[in-house]
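Input: a single structure, listed below in structure tokens.
Every number in this text was worked out from the coordinates using simple rules, so none of it is lab data. It should be emphasised that the depicted structure is a prediction, and the values quoted were computed from it without experimental measurement. Cβ: placed from backbone, ideal geometry, glycine included. Neighbour counts: every protein chain shown.
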Amino acid sequence: MSDDEGMELFRGKWVVAGWPEKLAAAQTLTHYRFPGPMARIPHRRIRMWPRSNLCDDCTARPGELHVPGCLTERCPKCGGQAALCEDIIRS
Ligand SMILES: [Zn+2]
Ligand SMILES: [Zn+2]
């Protein structure tokens, strides 16, 4: 596997090909179920990342929803990492 195959430049970052489509699709997933629905928490600017407002993991802009599985996304119910939360029902 070569280094640049299957990657594309998106918002100034190298991402896996097809990632922009995944990020776009993530914007339509606005709630998680616990089983009651709760609104997902969008990306917020983080001061520790001075060079970019983008999510370091999924390239979401502030106000955009993370790609499901993003390690920086907060769970709306418990405040922990959404990617690791066992309360979220994933269909
Ligand atoms: Zn993210
Ligand atoms: Zn949780």
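Odds and ends about this structure:
- Residue-averaged [θ]222 nm for the chain, counting only DSSP H segments that reach four residues, each worth -39500 (n - 2.57): -2500 deg cm²/dmol
- Relative packing of 72-85, 25-38, which averages over residues the other C-beta atoms within 10 Å, highest first: 72-85, 25-38
- Where labels lie 7 Å past Cα in the beta-carbon direction, separation of THR30 and TRP14 in nm: 3.7 nm
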